[in-house]
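Have a look at the structure below, then the notes.
The values are calculated or read from the model by the stated rules, or taken from the named source; none is laboratory data. This structure is a prediction, so every number in the text was calculated from the model and none was measured. Note: ideal-geometry Cβ built from the backbone for every residue, glycine included; neighbour counts use all protein chains shown.
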Amino acid sequence: MSKPKAPSVKKPGPKRPKAKSKGTARVGSIVDRLKVPGFRASGISAGIKAKRGALDLALVISDTEATVAGVFTTSTTKAASVILDIKRVRKGTSRGVVVNSGCANASVGKLGMKTSLSMTGAVERELGVKKGSILVSSTGVIGVPLPEEKILKAVPKLVGALSPDGLGRAATAIMTTDIWPKTVVKRARIGGKMITVAGIAKGAGMIAPNMATMLGYFFTDAAIGSAALSLALKSAVAGSFNSIVVDNDTSTNDTVLAFANGVSGSEEIKKGTENFAAFEKLLSALSLELALLIVADGEGATKVIEIEVKGAASMAKAERAARSVAESLLVKTAFFGADPNWGRIVMAIGKSGVKIKEEKLDISLNGVCVARNGLDTGAEAEAAAAITGPDVKVVISLNMGPGSARLWTSDIGYRYIEVNSAYRT
C-alpha cells in the first residue's frame, strides 16, 4: 500500500513513509487497468469547492441497465442523497451514480431532497435514460445548501466528458480531506469467463465501524442478480469498511454501491454456487484494499494498525474488545509516537466491558511480546523499534475461549487537529 508524504507540520512527529506500490492499485495515481467493460465515467470541476479548478463532480454510468445493491449509513440523521438512494436501490436496477464533493447536502431541510432530485433528473435528461435510474451521493460540509445552479450548469460538461478511462478522474472528484484518490481493480475467471471488478472510494476522517464519511463504489461486468449482489456486498462491507476506525465519528452520508451490467457474457452468478463464492471472495478482497487505503489516508495518519483479538469467550466479545482498542485516542496517539505503551491497550480492553483474567492476557506488537500472563516482559526497547514503520499488528490473546476478531485503525497526531480545526463541519 503506497503512502505519499503527509504535508509538513511544525511540531515534531513521525514522517509518512515514501510512496510504494502494492497489488493492482497504485495510491495517488491512475492505473491503466482502471476500467470496466460497459462503464464510462467522468470527473470535472463544477465550482462547488472553494479551490478554483478542483474536481468536485463525478459521474459513472453503465451503457446498459445494471443490477444494483447498496449499503448505507446507520446514522439517524441521513442525508437526502442516502434517503433517495435507499428507495431507488430497492428497484434492483440502475444506470449509474452522480456524486458531488464539497457539500454534504445534509441538514438543510426539504431543500436537500429537492436538490438531490434536481441533480439526478438533470443527468437522466442529458443521458436520455428513464427517470429514477440515476443514484446520487454527496459529501462535504454538513448544514450548507448545495449550489444547485452550479451543478445543473455543469451537467452537460459532465456527461460530455464520460469516457471508459474516466474512473480515475471520478475517484479524484469525490475526495474531500483525502490526500489521494483510492482505486482498485482486479480481473478473475469465474464460470469460464474473465470478469472485471473495479472500485473507487473516498474517506479520511469521520471513519468508524458501520461506515462514516465514506463513499465506495464497485463496478463489474459480471452477470449477477440484485439479491445475490446485495448479499455479496453486505458480506464484503462487514469485513472491510465496517471493520475500520479512524476517529469514531459516523457520518450522515455513508454509501457503498455496487453495479453489475453483465456485458462479460458470463452466466448469471447465483447464490449458493461456487461462482457466487468466488465472486464474493473477489469483492471482499477489493473492499478490504479500499478500506485499508482509507485508514492509511486518515487525515495525517502515519500508521495502519491491525488489531487482532484472540481467545475471547465469544466472537462478539472479541469484536467489542478490539473495537474499544481501535477507538482509543490514547492507544492511537501512543502509536503515533511509536510508544509501546501496552498499559493503554489494557485500559481500552477494560473499558469495553469484556471480562478478562489479566493473568491470562498476552499482548504482542509486530511480533514482539510486551505482556505475558498480564505482566511486562521487559521488551520495551525492542517493541519501540518494531513499531516505527507504517504497519503495526497488535495481537491480544485473552486465552479464555474460541472467539476472535480483527479491526484496522490508524494512529492520530498533529495533522488530524490541523485538518479538522480548519475544516468547517
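When I151, I134 are screened for being within 24 Å of V263 (Cα to Cα) and surrounded by 18 or more Cβ atoms within 10 Å (Cβ to Cβ), only I134 passes. The set of residues in the range 119-151 being part of a helix (DSSP H, G or I) and within 15 Å of E65 (Cβ to Cβ) consists of E124, L127. Annotation note: Cβ proximity below 6 Å between a residue of the range 124-152 that is acidic (D, E) and a residue that is outside any helix (DSSP H, G or I) (sequence gap 6+ or interchain) occurs for E124/K131; E124/I134.
Residues being assigned to a helix (DSSP H, G or I) and either under 28 Å from V419 (Cα atoms) or in contact with a His (Cβ under 7 Å, 6 or more places away or on another chain) (or both): count how many of those fall in the range 287-334.
Qualifying residue count, the range 287-334: 22.
Hey, does the range 13-24 have a residue that's at pLDDT 95 or above and of a type in the set (V, I, T)? Within the range 13-24, not a single residue is at pLDDT 95 or above and of a type in the set (V, I, T). Can you name every residue in the range 155-192 that is in a loop (DSSP other than H, G, I, E, B) and either modelled with pLDDT under 95 or buried (at least 20 other Cβ atoms within 10 Å of the Cβ) (or both)? Correct list: G166, I174, M175, T176, T177, D178, I179, W180, P181, G191, G192. There is no residue in the range 236-251 that is at pLDDT 95 or above, more than 12 Å from the chain's Cα centre (by Cα) and either surrounded by fewer than 23 Cβ atoms within 10 Å (Cβ to Cβ) or not hydroxyl-bearing (S, T, Y) (or both).
Of the residues making up the range 322-335, those that are over 20 Å from the mean Cα position of the chain (by Cα) and surrounded by fewer than 21 Cβ atoms within 10 Å (Cβ to Cβ) are L329, L330, T333, A334. When the residues of the range 336-346 are filtered to those that are out of contact with any helix residue (DSSP H, G or I) (no Cβ under 7 Å at 6 or more places or on another chain) and outside any loop (DSSP other than H, G, I, E, B), the one that is surrounded by the most Cβ atoms within 10 Å (Cβ to Cβ) is W342. Looking at the range 60-78, can you tell me whether even one residue there is hydrophobic (A, V, I, L, M, F, W, C), out of contact with any His (no Cβ under 6 Å at 6 or more places or on another chain), modelled with pLDDT under 95 and not assigned by TED's automatic domain parsing to the domain that holds G262? Among the residues of the range 60-78, not one is hydrophobic (A, V, I, L, M, F, W, C), out of contact with any His (no Cβ under 6 Å at 6 or more places or on another chain), modelled with pLDDT under 95 and not assigned by TED's automatic domain parsing to the domain that holds G262, which makes the answer no.
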